[in-house]
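J.: I have a structure I would like to understand better, so I am pasting it below and will then ask my questions one at a time.
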Amino acid sequence: MMIGLLGLFIKLSLFSLIAFGGVNALLPTLYDISVNQEGWIDPQTFIHYFAIAQAAPGPNLLTVTLIGWNAFGLAGALLATLAVCWPSCILIFYLQRVIAKLQHLQWKKTIEYSASALAVGLVLASAWQIAIRINGNWAAYALTIFSILFVLLSKRHPLYLIGLGAILGFFGFI
């Protein structure tokens, strides 16, 4: 069990270093690590844990905590949470100090805009990869495309999309 916990800690610590934009930015990578590489959970459980993490208040890293819990109990949950938090916290702490010391305002803006663009790009790519993996039929793909268009073109609240998804799921379309 100690070797498993150590593996969990190392893999998720390394994952945290590239999770620029948060855990959701690299969900396909987290899926690959936890389902395909390590077998800590099955694909359906991953989807359920992601849904729970999105519905629950608090940070998005709850998905990682639930994966750790599933794999190794309370020790796994605590270690997984720590593993995802510590590398990025230290990295951002020192990076922010470097940025604050920069005298050239244009460099600061360039770094900030680049980091924002990177985070948005990773989140969008992640959303697309998750949609491809969980959409099982034409209705699910249609709902995904409709949701994208709805968010881009409408000023209505996206909560309507959750209701639509619930109705389609209730009647067995997705």
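The values are calculated or read from the model by the stated rules, or taken from the named source; none is laboratory data. The structure displayed is predicted, hence computed values, not measured ones. As a convention, Cβ positions derive from the backbone with ideal geometry for all residues, glycine included, and neighbour counts pool all protein chains shown. To get the accessible areas, we keep the full protein, side chains included, count just its heavy atoms, and leave off ligands, DNA and RNA. Shrake-Rupley method; radii C 1.70, N 1.55, O 1.52, S 1.80 Å.
J.: Report the FRET efficiency, 1/(1 + (r/R0)^6), for Lys155 and Ile52, where r is their Cβ-Cβ distance and R0 is 30 Å, rounded to 0.05.
T.: Working: r = 29 Å, r/R0 = 0.98.
That gives a FRET efficiency of 0.55.
J.: If you filter the range 120-174 for trypsin sites (Lys or Arg not before Pro), then keep DSSP loop positions with at most 11 other Cβ within 10 Å, what is left?
T.: Values: sites: Arg133, Lys155, Arg156; in loops: Lys155, Arg156.
Filter output for the range 120-174: Lys155, Arg156.
J.: So what are the ³J(HN,Hα) numbers for the range 82-87, from phi and the Karplus equation (6.51, -1.76, 1.60; θ = phi - 60°), rounded to whole Hz, Gly and Pro as x?
T.: Each residue's phi maps through the Karplus curve to give 4, 4, 7, 8, 5, x Hz.
J.: Would you list which lysines come within 26 Å of Lys109, measuring only between C-alpha atoms, while excluding same-chain residues fewer than 8 positions from it?
T.: Output for Lys109: Lys101.
J.: Using the Kirkwood radius built from alpha carbon pairs, what does the Stokes-Einstein equation give as D for the range 88-134 at 4 °C and 1.567 mPa s, in µm² per second? Mind showing how you got there, number by number?
T.: On the way: Rh = 12.5 Å.
Rounded, D is 104 µm²/s.
J.: What does the accessible area per residue of the chain come to in Å², with a 1.4 Å probe and no ligands, DNA or RNA counted? Provide the component values of the computation, followed by the final result.
T.: Working: 11170 Å² over 174 residues.
On a per-residue basis, the chain sits at 64 Å².
J.: Also, quick follow-up: Note the listed values [x] 12.1; [y] 13.1; [z] 9.9, then indicate which one is mean projected area of the Cα convex hull in nm² calculated from this particular structure.
T.: [x]
J.: Give me the tail of P(r) for the range 78-174 as a percent: Cα-Cα pairs with distance above 24 Å.
T.: 50 percent
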